[in-house]
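The block underneath contains the structure these notes are about, expressed in structure tokens.
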Amino acid sequence: MMMTCDVHHHRIKTNGIWMHVAEKGSGPVVVLLHGFPETWFAWRHQIEFLASHGYHVLAPDLRGFGDTDAPIDPSSYTWFHIVADLLGLLDHFAVQQALVVGIDWGALAAWYLSLLRPDRVKGIVALDVPFAPRFASIKPLDSFKQMFGDGFYICQFQEAGRAERAFARYDCLTVMKKLMLINQTDLLIAPPGMELIDYLGTPSFLPPWITEEELQVFADKYQESGFTGGFNYYRALNLNWELLAPWQGSKITVPAKVIMGDKDMGFESGGTREYIQGNTFKSLVPNHEIVILDGPSQVSCLIPSIANRVMQRPTAAGRCILQSMKHKSLLVLNEITWN
């Protein structure tokens with residue numbers, strides 16, 4: 001298996017499960033949270049870069065992924081479970097507060113950690129997924145069906161075993177290519193009578209930001225673990241909606257930076273653009289900055305003072321290089337520096 005240099009791998013007990021954590025560096029702590037269909041390995045470049053610039057980096061496999069335990073029951077994948085896992089991670093490494101960077105489900109984990117335990121979060125950087133309000137009048141799955149129909153990927157992932165059987169028709173490397181190399185013209189809505197994984201095409205060539213060997217690392221891990229753990233995040237959506245009712249209207253109080261690409265499907269669909277640029281998001285996340293990246297490939301941008309504010313570093317300037325890395329609406333952070 002391809003590994004990054006001098007990364008230490010731990011298997012820690014947290015919240016009743018065993019969690020795998022990749023660790024490197026020393027200094028202020030940055031926690032990197034991956035999405036689906038990924039593992040800690042999605043952050044391999046950031047781990048090296050941040051560690052070399054004076055940061056203590058922790059990149060876990062989230063519950064259900066990689067070498068972390070994967071309970072079968074979707075009810076074990078509420079945000080209360082995920083947040084408790086992350087609190088146990090911080091406690092294990094004796095970290096009182098950390099800067100948390102997340103993408104996809106990892107971004108949501110960062111948001112809910114900030115909502116439920118802001119005392120443990122210095123600030124967050126959320127890639128691809130903004131914090132969303134809870135709508136008291138409609139459950140998430142009903143909303144998705146109304147907007148996108150039964151062929152929408154989230155709807156297809158609900159039935160236990162359905163997506164697993166569909167994915168099993170392909171080798172894991174092909175599944176990785178189908179899911180991770182989606183471009184902006186791909187839709188995540190399958191035609192009637194078709195499974196999403198069958199509908200998605202298999203790219204004939206790889207983009208410059210990932211190699212066949214790197215894709216194989218993900219494929220090998222999912223060959224071992226299966227996809228059910230990842231699907232269970234989707235299957236817990238309505239349960240999370242019920243459990244989070246007491247937090248209706250609660251605000252994110254920690255400093256937050258939201259980074260999205262202007263060609264990202266997640267930015268262009270479902271009213272996301274209007275939402276994050278409007279008053280509702282501003283009221284829910286009052287201490288935030290938004291960066292909309294112009295272009296689908298490598299883009300350099302400035303990260304203003306969030307690192308200085310939350311990490312108490314001597315200078316506020318930073319630079320990030322991001323690449324568009326599509327699986328639904330995915331952007332992967334390639335470098336963050338805080339000098």
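Which one of the conditions (1) in contact with a strand residue (DSSP E or B) (Cβ under 9 Å, 6 or more places away or on another chain); (2) surrounded by fewer than 16 Cβ atoms within 10 Å (Cβ to Cβ); (3) of a type in the set (Gly, Ala, Ser); (4) in contact (Cβ under 8 Å) with a residue 60 or more places away in the chain does Gly149 fail to meet, given that it meets all the rest?
Here Gly149 clears every test but (4).
Need at least 1 residues that are without any contact (Cβ under 8 Å) to a residue 24 or more places away in the chain per element, so show me which strands (runs of 3 or more DSSP E) inside the stretch 1-107 make the cut, counting only ones lying wholly within it. Before you say what the answer is, go through the steps one by one.
Numbers: elements: 8-14, 17-24, 29-33, 56-60, 98-103.
Fully inside the stretch 1-107 and qualifying: 8-14.
Give me the pairs, please: first residue somewhere in the stretch 117-144 and on the phi > 0 side of the Ramachandran plot, second residue anywhere and aromatic (Phe, Trp, Tyr) and surrounded by 14 or more Cβ atoms within 10 Å (Cβ to Cβ), beta-carbon distance under 9 Å, and either six or more positions apart or on two chains.
Short answer, once both residue conditions are applied: Asp128/Phe267.
Please tell me if Thr315 is at pLDDT 50 or above and not in a strand (DSSP E or B). Spell out the reasoning first.
Values: at pLDDT 50 or above: no; not in a strand (DSSP E or B): yes.
Against the criterion (at pLDDT 50 or above and not in a strand (DSSP E or B)), Thr315 does not qualify.
Inside the stretch 5-54, can you point out the residues that are buried (at least 17 other Cβ atoms within 10 Å of the Cβ), touching a Lys or Arg at 6+ places or on another chain (Cβ under 9 Å) and at pLDDT below 95?
Residues satisfying the conditions are Ile47, Glu48, Leu50, Ala51.
Ala126 - would you say it is under 21 Å from Ala22 (Cβ atoms), touching a helix residue (DSSP H, G or I) at 6+ places or on another chain (Cβ under 6 Å) and assigned to a strand (DSSP E or B)?
Details: under 21 Å from Ala22 (Cβ atoms): yes; touching a helix residue (DSSP H, G or I) at 6+ places or on another chain (Cβ under 6 Å): yes; assigned to a strand (DSSP E or B): yes.
Yes; evaluated as a whole, the condition is true for this residue.
Determine, yes or no, whether Leu181 is surrounded by 13 or more Cβ atoms within 10 Å (Cβ to Cβ), closer than 20 Å to Asn232 by Cα and modelled with pLDDT under 95. Lay out the reasoning, then the answer.
On the way: surrounded by 13 or more Cβ atoms within 10 Å (Cβ to Cβ): yes; closer than 20 Å to Asn232 by Cα: no; modelled with pLDDT under 95: yes.
For Leu181, the condition - surrounded by 13 or more Cβ atoms within 10 Å (Cβ to Cβ), closer than 20 Å to Asn232 by Cα and modelled with pLDDT under 95 - is not met.
Are there any pairs with C-beta distances below 8 angstrom linking a residue in the stretch 157-186 that is closer than 18 Å to Ile72 by Cα and touching a residue at least 60 places away in the same chain (Cβ under 8 Å) to a residue that is aliphatic (A, V, I, L, M) and not in a loop (DSSP other than H, G, I, E, B), with the two at least 6 apart or on different chains, and if so which?
Final answer for the pair search is Phe157/Ala163; Gln158/Leu141; Ala163/Leu196; Ala163/Ile197; Phe167/Val175; Phe167/Ile197.
Looking only at the stretch 163-185, how many residues end up being within 23 Å of Phe41 (Cβ to Cβ) and part of a loop (DSSP other than H, G, I, E, B)? Before the answer, list the steps.
The first filter runs over the stretch 163-185 and keeps only residues within 23 Å of Phe41 (Cβ to Cβ), leaving 163-164, 167-168, 170-183.
Now narrow it down to the ones that are part of a loop (DSSP other than H, G, I, E, B): 168, 170-171, 181-183.
Going through the stretch 163-185 one residue at a time, the tally reaches 6.
Look through the stretch 79-113, keep the residues that are charged (D, E, K, R) and over 13 Å from the mean Cα position of the chain (by Cα), and return whichever of them is farthest from Thr68 (Cα to Cα).
Asp91
In the stretch 210-228, what count of residues is obtained for those that are over 16 Å from Ile72 (Cα atoms) and not in a helix (DSSP H, G or I)? Lay out the reasoning, then the answer.
Looking only at the stretch 210-228, we keep the residues that are over 16 Å from Ile72 (Cα atoms), and these are 210-221, 223.
Filter again for not in a helix (DSSP H, G or I), leaving 210-211.
Total satisfying the criteria: 2.
What pairs come up if the first residue lies in the stretch 200-215 and is closer than 13 Å to Val175 by Cα, the second is surrounded by 13 or more Cβ atoms within 10 Å (Cβ to Cβ) and at pLDDT 95 or above, and their beta carbons are under 6 Å apart, counting only those six or more places apart or on different chains?
Leu200/Lys178; Thr202/Thr174; Thr202/Lys177; Thr202/Lys178; Pro203/Lys177; Leu215/Met176
Please work out which one of (1) of a type in the set (A, V, I, L, M, F, W, C); (2) closer than 22 Å to Ile259 by Cα; (3) assigned to a loop (DSSP other than H, G, I, E, B); (4) touching a helix residue (DSSP H, G or I) at 6+ places or on another chain (Cβ under 9 Å) is the condition Ala160 fails and give its number.
With (1) of a type in the set (A, V, I, L, M, F, W, C); (2) closer than 22 Å to Ile259 by Cα; (3) assigned to a loop (DSSP other than H, G, I, E, B); (4) touching a helix residue (DSSP H, G or I) at 6+ places or on another chain (Cβ under 9 Å) applied to Ala160, the lone miss is (2).
Residues checked against (1) crowded, with 24+ Cβ neighbours inside 10 Å; (2) β-branched (Val, Ile, Thr); (3) closer than 12 Å to Asn15 by Cα:
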| position | (1), (2), (3) |
| --- | --- |
| Asp61 | yes, no, no |
| Ala70 | no, no, no |
| Ser76 | no, no, yes |
| Gly88 | no, no, yes |
| Phe93 | no, no, no |
| Gln97 | no, no, no |
| Val100 | yes, yes, no |
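The values are calculated or read from the model by the stated rules, or taken from the named source; none is laboratory data. All of these numbers come straight from a predicted model, not from anything done at the bench. When we count neighbours, we look across all protein chains shown, and the Cβ atoms used for this are built from the backbone with ideal geometry, even at glycine.
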